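Structure first, then comments.
The values are calculated or read from the model by the stated rules, or taken from the named source; none is laboratory data. Everything numeric here is computed off the predicted structure, so don't read it as measured data. FYI the Cβ positions are ideal-geometry reconstructions off the backbone, even for glycines, and counts take in every protein chain you see.
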Amino acid sequence: MIVDDSIKFCNLLAQMIKEAKLSNIKFYTALGIKKPYFYDILSGKVNPPPPDRQIAMLQLLNPKPEQIPLFFDLAAQERNEVPADIAQALKDEDLCKQLRKGIDYEKLLKNGEYKDE
């Protein structure tokens, strides 16, 4: 999940708010956040909001299908986290078991990180 550094979460959010034909005031009020925090997000002064707030934002924005993974990827990259949609999917125990079957734990523990070589 390496996203092109030329686009930032704050820029995508501003674009999506405009495309949704929402005013900034309507957006942050409906989201239940304070004006200063919203403008800090929009200016990139603070990290993107946590996953639950990201989902709430998308519910208000009516995004294009291709914007959803980008939104989550940019937020995760700037927060240094797993994207919210992936984290949600990982709540499925069967999926986690399946993914773990493909992990080379010897390599992971030896190198301190897992790189598929």
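Some observations on this one:
Yes/no per residue for (1) in contact with an Asp or Glu (Cβ under 9 Å, 6 or more places away or on another chain); (2) surrounded by 16 or more Cβ atoms within 10 Å (Cβ to Cβ); (3) touching a residue at least 12 places away in the same chain (Cβ under 8 Å):
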| position | (1), (2), (3) |
| --- | --- |
| I25 | no, no, no |
| D40 | no, no, no |
| S43 | no, no, yes |
| V46 | yes, no, no |
| M57 | no, yes, yes |
| N62 | yes, no, yes |
| P69 | yes, no, yes |
| F72 | yes, yes, yes |
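- All of Q54, Q98 fail the test of being assigned to a helix (DSSP H, G or I) and either in contact with a Phe, Trp or Tyr (Cβ under 9 Å, 6 or more places away or on another chain) or aromatic (F, W, Y) (or both), apart from Q54.
Quick grid of which residues meet (1) at pLDDT below 95; (2) farther than 28 Å from S6 by Cα; (3) aliphatic (A, V, I, L, M):
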| site | (1), (2), (3) |
| --- | --- |
| K21 | no, no, no |
| T29 | no, yes, no |
| L74 | no, no, yes |
| L90 | yes, yes, yes |
| L95 | yes, yes, yes |
| L99 | yes, yes, yes |
| Y105 | yes, yes, no |
| K110 | yes, yes, no |
| K115 | yes, no, no |
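- Count of residues meeting criterion [hydrophobic (A, V, I, L, M, F, W, C) and either outside any helix (DSSP H, G or I) or more than 8 Å from the chain's Cα centre (by Cα) (or both)] in region 70-95: 6
- The single residue among K64, K34 that is charged (D, E, K, R) and under 16 Å from N11 (Cβ atoms) turns out to be K64.
- Those residues of region 27-38 which are of a type in the set (S, T, Y) and either more than 21 Å from the chain's Cα centre (by Cα) or surrounded by fewer than 17 Cβ atoms within 10 Å (Cβ to Cβ) (or both), in sequence order: T29, Y37
- Test: residue in region 4-20 that is in contact (Cβ under 8 Å) with a residue 60 or more places away in the chain, outside any helix (DSSP H, G or I) and surrounded by 12 or more Cβ atoms within 10 Å (Cβ to Cβ): yes
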